[in-house]
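The values are calculated or read from the model by the stated rules, or taken from the named source; none is laboratory data. This one's a predicted model, so the numbers in the text were calculated from it and none came from an experiment. Cβ placement follows ideal geometry from the backbone for every residue including glycine, while neighbour counts extend to all protein chains displayed.
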Amino acid sequence: MKSQEKSVKFRDFMGIAVVCYESLGIDAFAPQGKRNILGKIFQVFIFVLGTGNLFLAAVLEIVYFTKSFGVFKDIIEITALLPCTIISTASTNWAYPIIYLHQSYAGYVAVGAGIATDLLLCCIITQLQMHFDFISRQLLEMVPRGGPNDMRCLKQLIQHHVTILRFSEETNDVFGISSLCTFLSSSPIICFTGFQVSIGAANRVIGKYILFLIHQSLTVFAVCYHGNIVIDSSLEVADAAYGQHWFQASKEYKKMLLILITRANNPSTLKATSFVTASLMTFSSIISTSYQFFALVRTMYSDG
């Protein structure tokens, strides 16, 4: 029975991320030569509108926090990560709908850009996993007989392995800073958001806090899970190389295979710059740290 496997375009493989990027005025997969002038203008307009609106919202939040410093009455107000009190202007005010739309669109841009970037990273990691798995399968299926064809096939796999390792390093260079920001902000966000939910925030904002908590937890888990996938799939290359029938091969083949095993035993990793390695152990540490902060804040609230 023939295999039903077929190749797909990378754009189709990461369809959700592409849709998110397109809604923000970013379309890296569109052939620029086929765009008309109106399409280009509209794309630039959406991009400038989204980024400018997000920047303005960030500035307004900074101004709000600066003016409110020392004014907060208790720990509940201090730990409110979704204050946006500028939107609490009376609904009868003429500026209310404008401010509401402004902050809603800014929130969409922030969340959409974050989700699209994380999905793009996950898709690239899945591609890396597919290549590592392909190399592993090829190594297991090889049956060296001591002839020159064995060396040729092994050299091709080693070259493929080196290329994938280089691509993995480039992935770290591209996504390292964004992943680091995600890890650094995750613990306080999970802690304070969980605290607001646990004390019973107002009904009008409790849904926001629950969604924010779920979103942040899933974001960190997705990055750490796919980082663990890279580690496991890259280590499987060494296991596959050792598991083939290398004892029938020539001496030169065994030496080259030993070099491959030595390099593959140093796993490829997804790093948030040089500080953090994304893995399930990292996710466990983040959740543990968040809970420790949560327990501290909860104790301060109970004692106060």
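Here residue 85 fulfils each of the conditions (1) modelled with pLDDT of 80 or more; (2) among the β-branched types (Val, Ile, Thr); (3) more than 30 Å from residue 16 (Cα to Cα) apart from (1). Of the residues making up the range 207-230, those that are hydrophobic (A, V, I, L, M, F, W, C) and either surrounded by 17 or more Cβ atoms within 10 Å (Cβ to Cβ) or on the phi > 0 side of the Ramachandran plot (or both) are 212, 213, 220, 222, 223, 224, 229, 230.
Among the residues of the range 190-223, what is the count of those that are among the small types (Gly, Ala, Ser) and either more than 20 Å from residue 297 (Cβ to Cβ) or at pLDDT 80 or above (or both)? Number of matching residues: 5.
The residues on offer are 165, 180, and the sole one that is within 30 Å of residue 250 (Cα to Cα) and either among the aliphatic types (A, V, I, L, M) or surrounded by fewer than 19 Cβ atoms within 10 Å (Cβ to Cβ) (or both) is 165. Any residue in the range 101-128 that's within 21 Å of residue 230 (Cβ to Cβ): show its pairings with residues that are of a type in the set (Gly, Ala, Ser) and surrounded by fewer than 19 Cβ atoms within 10 Å (Cβ to Cβ) at Cβ separation under 7 Å, as long as the two are six or more apart or on different chains. The qualifying pairs are 117/178. Note on the range 28-52: residues that are under 23 Å from residue 16 (Cβ atoms) and modelled with pLDDT of 75 or more total 7.
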